């Protein structure tokens, strides 16, 4: 079993087991989503949201040559709220078309992964 785990990875092994047991239809396929924030002069950009329990110390986008900070996440279908932490200040994603009120009196961005 350990050799199979090393070759196809844990998530693939889970799919193989589910297919073998006839549960493949219940599997939620993850979709890769890119989050990006334009801040060419920023020294630090972090991403936090429902997908990482709002941990602002776990997702660190990388800055490209054009000034966009980007990170890709594999998310299961569902609705997620998020924000960027830019040089210590919470910022909404200017490219997000859906925002929802949060308990701090401001708005969170919301993305619906299908």
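Where a number appears in this text, it was derived from the coordinates with a stated rule and is not lab data. What you see is a predicted model; the values in this text were computed from it and never measured. Neighbour counts are summed over all protein chains in view; Cβ atoms, including those assigned to glycine, are modelled from backbone coordinates with ideal geometry.
Give the residues of segment 80-92 that are more than 15 Å from residue 41 (Cβ to Cβ), assigned to a strand (DSSP E or B) and within 15 Å of the chain's Cα centre (by Cα), sorted by residue number.
Hits for segment 80-92 are 80, 81, 82, 83, 85.
How many residues does segment 79-109 hold that are touching a helix residue (DSSP H, G or I) at 6+ places or on another chain (Cβ under 9 Å) and more than 17 Å from residue 55 (Cα to Cα)?
1
Condition check: touching a strand residue (DSSP E or B) at 6+ places or on another chain (Cβ under 8 Å) and over 15 Å from residue 108 (Cα atoms). Does residue 78 satisfy that?
Yes, satisfied.
Considering (1) within 17 Å of the chain's Cα centre (by Cα); (2) loosely packed, with under 12 Cβ neighbours inside 10 Å; (3) assigned to a strand (DSSP E or B), say which one residue 95 fails and leave the rest.
(3)
Which of the residues that make up segment 56-78 are touching a helix residue (DSSP H, G or I) at 6+ places or on another chain (Cβ under 8 Å) and assigned to a strand (DSSP E or B)?
Within segment 56-78, 73, 75 qualify.
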